[in-house]
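The values are calculated or read from the model by the stated rules, or taken from the named source; none is laboratory data. Just so we're clear, the structure is a prediction, and the values are computed from it rather than from any experiment. A quick note on method: Cβ atoms are made from the backbone with ideal geometry, for glycine too, and the neighbour counts reach across all protein chains shown.
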2 protein chains.
Amino acid sequence: MKQIITISRELGSGGRTIGKLVANKNNIPYYDRELIDESAKISGVPAEYVEKSDQKITSSFLYNLAMGTSYGYGMLEDANQPLPLTTQIFCAQQKIIKNYADSGSCVIVGRCADYILRDRRDVLRVFIYADMEKRIEHSVKEYGMPKATAREEIARSDRERARHYNMFTEQKWGERTNYDIMLDSGSLGYENCARIICSIAGMDL
Amino acid sequence: MKQIITISRELGSGGRTIGKLVANKNNIPYYDRELIDESAKISGVPAEYVEKSDQKITSSFLYNLAMGTSYGYGMLEDANQPLPLTTQIFCAQQKIIKNYADSGSCVIVGRCADYILRDRRDVLRVFIYADMEKRIEHSVKEYGMPKATAREEIARSDRERARHYNMFTEQKWGERTNYDIMLDSGSLGYENCARIICSIAGMDL
């Protein structure tokens, strides 16, 4: 039985909403932004820096990584090797995600959790997507995104998420081979997506 | 309610097996190679030519299409415009698929059915995939494919299916935006995939 559900998603596809529905239906923990705060505490980096760096890898960061130079704000106090800040945060999140998975059934949204937990047999790896119009509608309604710039902002988010994921996982974000199931929440609806995920989580795989 | 289920699939992913399971569970028709024979009758092209041309678009065909010249064996007797043979067959299949959809609930595997029926609201568009090892295993067992060449043959099939689909649909084969749901039959299993599809087909969307 797949007890741990990781959800990767396009911005505005309702992945968080669906994740929360699944967690509530099964009465299991839901992890998302909480991870950031937790990782911030561990790495000793103030939360606002973690939030800023999260999924925002600039070309200057890529340059620094390529050049093997350290980058940005702070280092883990006990680090023997200097690591770029974004990598430090990723490592901290990785540790936390593994701890969560070890603690029992849960839903984890984003944070490359599908990759981090790739060696476990009890993980259902889900990807949620939707067409652009639906994503704009959701982003305006849920996140108060200005409608005029929503399309552009969503496209930028896609690029950032893909870049972040591709860099740390050496896989391609959104590519089917990384997931057990991919759902179009725009055509299926959030509630149905949650029901489908729950039904699979209960299956003997 | 989604009453018509189209299944696109990678060779060896068990898409046909899953399609048949869904059709049997719901006691509805299953269409697959039957389409070819039917289309052959309509277009007046002998079945063996239809089978040969199916999903085998050679670069010379692409050249002929690009040059606007006709190609290959035979024309529709009443055609006013000369059309390449592969296009004629596609047009005939398109007509048949639309007729099937008009006749009621059914499962249609392959043949760009998701694209052909894209304007209907009652179609559930499914894509089935699996990892290469599982596809090799299935192809050897089900199609008697020699194990030594299976990997190569499967890769070639992927290229041909993609080329055929991309040409006639102007969409990209296997791209998530074309489908409502994508399932990894290797990790989920055929029976579970069929159960998931049936559960969605019964949902109020």
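For this structure, a couple of remarks:
- Check on B:Arg125, at pLDDT 95 or above and either under 24 Å from A:Gly186 (Cα atoms) or in contact with a Pro (Cβ under 8 Å, 6 or more places away or on another chain) (or both): yes
Results for (1) surrounded by 14 or more Cβ atoms within 10 Å (Cβ to Cβ); (2) touching a residue at least 40 places away in the same chain (Cβ under 8 Å); (3) not polar (S, T, N, Q), shown as yes or no for each residue.
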| residue | (1), (2), (3) |
| --- | --- |
| A:Asp131 | yes, yes, yes |
| A:Ile136 | yes, yes, yes |
| A:Lys172 | no, no, yes |
| A:Leu183 | yes, yes, yes |
| A:Tyr190 | yes, yes, yes |
| A:Ile196 | yes, no, yes |
| A:Gly202 | no, yes, yes |
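- Of the strands (runs of 3 or more DSSP E) lying entirely inside region B:105-205, those containing at least 2 residues that are farther than 14 Å from B:Gly15 by Cα are B:123-129.
- Check on A:Glu160, in contact (Cβ under 8 Å) with a residue 12 or more places away in the chain, farther than 20 Å from A:Ile18 by Cα, away from chain B (no Cβ under 14 Å) and over 16 Å from the mean Cα position of the chain (by Cα): no
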